[in-house]
Amino acid sequence: MDIDTFRSETRAWLEANCPAEMRTPMGEDDICWGGRTFEFRSPAQKQWLKVMAAKGWTVPAWPKAYGGGGLTGDEQKVLTEEMHRINARPPLQSFGIWMLGPALLQFGTEAQKRHYLPQIARGEIRWCQGYSEPCAGSDLAGLQTKGVDTGVHFEVTGQKIWTSYADQADWIFCLVRTEPDERKHTGISFLLFDMQSDGVSTKPIKLISGASPFCETFFDAVKVPKDQIVGERGQGWTIAKYLLTHEREMIGASDSALFAKSDLAEDAVSAIGLDETGRLDDPMLRADLGQFLIDEICFDAHLEMTGAYMRAGHELGARSAELKYLGTELNKRRQSLRVAAGGSDDLVWEGTANDAGQVAKDWLRSKANTIEGGTSEVMLSILSKAVLKLPG
Amino acid sequence: MELLSEDQQLIADSATGFLRAGHSIAAFRALRETGDTANIAILPELAKMGWMGIVVPEELGGIGLGYRAAGLIAEELGRNLTVSPFVSSAILAGTALSTSNSQAQKIWAPKVAAGEAVLALALDETAKHRPDRVVTKVTGEADGLKLNGRKTYVVDGGFADRLVVTAKRGDDLCLLLVDPLAAGVTLTSQVMLDSRNAATVVLEDVAVRDADILAQGQAAERALAKTLAAGRAVAATEQLGIAKAAADQTYDYLRTRKQFGVHIGQLQALQHRAAELYCELAQVSSLIAAALNALDSDSADVETLTRAAKAKMARVGQQATEEGVQMHGGIGMTDEMDLGLFMKRDRALAEFLGDAGHHTEWLLRQRGI
Ligand SMILES: Cc1cc2nc3c(=O)[nH]c(=O)nc-3n(C[C@H](O)[C@H](O)[C@H](O)COP(=O)(O)OP(=O)(O)OC[C@H]3O[C@@H](n4cnc5c(N)ncnc54)[C@H](O)[C@@H]3O)c2cc1C
């Protein structure tokens, strides 16, 4: 189909099928994560997921055989543009889409792809990420959770930490040391298992923003069938790193609805006002805003170029660290400027006046951006070695 | 990471081949030795490849490949520190001529494209770029027109065949061509910190004919806006080439210089600064490409993108050259190394056509703050 026909058909379909309530700005609470226990916020949210999943457009780039839309790069771009045009919300967001899916497409067996990917595409199973441990953060490959081969199972014992939404997820993709005699990086396997398995428990951790999106996760002799390994035994690190490049692209592009989109310049003017020359009545903040706006235009252009590059069939690889570093550092500045522009009004924590401190909560949440998915320092180390080839 | 068309790839390859072979930094040093700020000898070669007419449409004698293609040349000019009137004549004058519709256009656009004439833009009147505060005036009627004013930082003005002068005629903006040898023109040619040429020009009762007027009123506003947008984007691209060259030399040095028994590139403090510079260069490359593409498609965000590109590149250019010198230590301060040459050229381009503050202020105004 030529691209103009695709555009007009897509436009018409979205017009007919995207409920009006799904065309309004959303906050973190409005995200559709899917999963067995997910409670839809409205019938419209449920309907939107259903119709989009039926077309494969929750994961437009994935092959149709696995629940995707099978769209070409150009078609994906058109779909995104047409959704933006009517402010359509993403019908589904999940770790399955961002992280596990790409890894399975690359490393999964045919049976695994046919089993797990459609469940992700339809929002039936919600996944969490079991990577970090109390003693293995930046030094992730130092992880100690062990998986003992008992013949039919890997018996998994150990502890993960910072597991986002572990208490709400159905399944986990988990890094486990199955080859204790191998070296650090070659002793790890990539396992998939049900969070309802015997021996799995979670304990929520409260964040500085007051929310508890992540958990400590404990495994006590959890039995994982041996066919639930992705790739070979000991190949887990390779898969884990590949998955991280996709996670970093996603975090860098701030492609999620974690942060409210708002016009910083407008917000600042309405909070502070203009002086008699028509400039924001706070010269230092104005100067900071100026630099920020230039950097924002720059990063948006970079995302656009990078997107075109990837749609042309290239993988970013280690350069995902570049997007992650730039995007998250920029978002931290954005949130700091927002809270500065609001002054004391945005410091009210409880009450309805300022949406219950949403700006301050976003500001706090953004501090995690340069930590989660690998810290900024780790991103710079990766780039200096993998891209600049500086000596190790 | 950029996706180029076939034509663009050809231009990029020939720019790399041609400039690295005969017009590298060694050639720049030789010119500097002899005090040659014009390098006029390169002009016929550039013209033969079509570069002097890269943005001039075919019907006016150019090859009309556009700004993205021009950027590929400018980046290599930057990397090699090649001295040429490419930005002044091919881009600024080339754009001014291509966007105005007059008798003067028909005469001068083909000459510029063929490398038979060099034109320089005489715009600034103060040490900071303030293009909308023009004091230079055209007065009188019909064939008794007189031009009075003072222009500064006229890049390549010292050897130009004509100056493209901005002036006010009543409330109208005018773009007009002035012969630097005409009566009443006092041109002082100067060597700038980057060993390039820029002139100051005093205009006292210079006689102007109607035929010298390139554009007037709204047509002049439009032509000047496009000219400045093009100049900003292409100058930023030259800066990008300089910054990438400075960064590459620095990464090399980190891989080879040893202190404390290790390569200094093993020291994380330096690794992280190098990687941060790399990230900035990657994103500003995308912004510059977007600005050049916007010029080619005449899209609505030309002003925003070209100004953002110029402002951002000013900061990244400074970062690249300063980090380059710092990470080289003492040797970075020597004239023997190229870093100082990069730093000087970068500084000149950062000022040219408006610095970071100038364009950031525009953006703030445009956003209503
Ligand atoms: C909101 C949030 C959600 C998360 N979600 C998940 C999840 O779902 N699943 C999961 O597995 N993990 C998750 N994480 C964990 C995250 O990946 C880790 O926090 C991160 O990798 C850093 O590890 P750490 O916390 O142990 O810090 P550390 O590694 O102890 O780092 C402490 C400091 O030392 C620096 N540092 C460490 N090593 C180096 C080095 N070699 N060179 C220079 N500096 C260094 C770091 O940059 C940092 O500044 C989440 C984290 C957050 C904040």
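The values are calculated or read from the model by the stated rules, or taken from the named source; none is laboratory data. All figures in this text were calculated on a predicted structure; none of them were measured in a lab. Cβ atoms come from the backbone with ideal geometry, glycine included; neighbour counts cover every protein chain shown. With ligands, DNA and RNA removed, areas are computed over all heavy atoms of the protein, side chains included. Shrake-Rupley method; radii C 1.70, N 1.55, O 1.52, S 1.80 Å.
Key figures
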| item | result |
| --- | --- |
| Condition met for A:E304 (open to solvent by 50 Å² or more (accessible area, probe 1.4 Å), under 28 Å from the mean Cα position of the chain (by Cα) and within 8 Å of chain B (Cβ to nearest Cβ)) | yes |
| Filter pass, A:A111 being within 16 Å of the ligand (Cβ to nearest atom) and either within 30 Å of A:M52 (Cβ to Cβ) or not assigned by TED's automatic domain parsing to the domain that holds A:I229 (or both) | no |
| Residues that are farther than 22 Å from B:A314 by Cα, buried (at least 20 other Cβ atoms within 10 Å of the Cβ) and not aromatic (F, W, Y), drawn from the range B:232-259 | B:L254 |
| Residue identified as away from chain B (no Cβ under 11 Å) and open to solvent by less than 20 Å² (accessible area, probe 1.4 Å) among A:S344, A:S320, A:S336 | A:S320 |
| Leading residue by the ranking (nearest to the other protein chains (Cβ to nearest Cβ)) among those in the range B:260-298 that are within 18 Å of the chain's Cα centre (by Cα) and open to solvent by 30 Å² or more (accessible area, probe 1.4 Å) | B:N293 |
| Any chance A:L364 is out of contact with any Gly (no Cβ under 9 Å at 6 or more places or on another chain), more than 21 Å from A:Q129 (Cβ to Cβ) and modelled with pLDDT of 90 or more | no |
| Options A:T352, A:T328: the member that is within 15 Å of the ligand (Cβ to nearest atom) and hydroxyl-bearing (S, T, Y) | A:T328 |
| Scope the range A:361-387; condition without any contact (Cβ under 8 Å) to a residue 24 or more places away in the chain and away from chain B (no Cβ under 11 Å); matching residues | A:I371 |
| Boolean, A:W171 is open to solvent by 60 Å² or more (accessible area, probe 1.4 Å) and within 23 Å of A:G96 (Cα to Cα) | no |
| Every residue from the range A:119-142 that is within 11 Å of the ligand (Cβ to nearest atom) and either open to solvent by 50 Å² or more (accessible area, probe 1.4 Å) or within 18 Å of A:L100 (Cβ to Cβ) (or both) | A:W127, A:C128, A:Q129, A:G130, A:Y131, A:S132, A:P134, A:C135, A:S138, A:D139, A:L140 |
| Scan of the range B:316-369 for residues that are within 12 Å of chain A (Cβ to nearest Cβ) and open to solvent by 60 Å² or more (accessible area, probe 1.4 Å), ordered by number | B:W362, B:R365, B:Q366, B:R367 |
| From B:A215, B:A290, B:A245, B:A223, residue being touching a residue at least 12 places away in the same chain (Cβ under 8 Å) and under 19 Å from B:L349 (Cα atoms) | B:A245 |
| Residue in the range A:166-215 that is farthest from A:R126 (Cα to Cα), counting only those that are at pLDDT 95 or above and of a type in the set (V, I, T) | A:T186 |
| Pairs with Cβ under 8 Å, 6+ apart, first in the range A:126-140 and touching a residue at least 12 places away in the same chain (Cβ under 8 Å) and among the polar types (S, T, N, Q), second open to solvent by 10 Å² or more (accessible area, probe 1.4 Å) and assigned to a loop (DSSP other than H, G, I, E, B) | A:S138/A:G374; A:S138/A:T375 |
| Candidates A:S381, A:S376, A:S366, filtered to the one that is within 24 Å of A:L280 (Cβ to Cβ), among the hydroxyl-bearing types (S, T, Y) and in the same structural domain as A:M284 (by TED's automatic domain parsing) | A:S366 |
| Checklist (1) assigned to a helix (DSSP H, G or I); (2) within 22 Å of B:R367 (Cα to Cα); (3) within 11 Å of chain B (Cβ to nearest Cβ); (4) open to solvent by less than 40 Å² (accessible area, probe 1.4 Å) applied to A:G278, failing item | (1) |
| Count - residues of the range A:362-377 that are open to solvent by less than 20 Å² (accessible area, probe 1.4 Å) and more than 7 Å from the ligand (Cβ to nearest atom) | 4 |
| Exclusive hit being touching a residue at least 60 places away in the same chain (Cβ under 8 Å), open to solvent by 60 Å² or more (accessible area, probe 1.4 Å) and more than 14 Å from chain B (Cβ to nearest Cβ), set A:K241, A:K226 | A:K226 |
| A:F292, sole failed condition from (1) surrounded by fewer than 20 Cβ atoms within 10 Å (Cβ to Cβ); (2) farther than 19 Å from B:V284 by Cα; (3) over 20 Å from the mean Cα position of the chain (by Cα) | (2) |
| Test: residue in the range B:131-154 that is closer than 30 Å to B:R29 by Cα, in a loop (DSSP other than H, G, I, E, B), open to solvent by less than 70 Å² (accessible area, probe 1.4 Å) and in contact (Cβ under 8 Å) with a residue 12 or more places away in the chain | no |
| Scope the range A:151-202; condition in a loop (DSSP other than H, G, I, E, B) and within 16 Å of the ligand (Cβ to nearest atom); matching residues | A:Y165, A:A166, A:D167, A:Q168, A:A169, A:D170, A:M195 |
| Residue in the range A:154-168 that is closer than 22 Å to A:A321 by Cα, in contact with a strand residue (DSSP E or B) (Cβ under 6 Å, 6 or more places away or on another chain) and crowded, with 20+ Cβ neighbours inside 10 Å present | yes |
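Conditions (1) buried (at least 20 other Cβ atoms within 10 Å of the Cβ); (2) aliphatic (A, V, I, L, M); (3) in contact with an Asp or Glu (Cβ under 9 Å, 6 or more places away or on another chain); (4) under 15 Å from B:A120 (Cβ atoms), marked per residue:
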{"residue": "B:G157", "(1), (2), (3), (4)": "yes, no, no, yes"}
{"residue": "B:V178", "(1), (2), (3), (4)": "yes, yes, yes, yes"}
{"residue": "B:T186", "(1), (2), (3), (4)": "no, no, yes, no"}
{"residue": "B:A199", "(1), (2), (3), (4)": "yes, yes, yes, yes"}
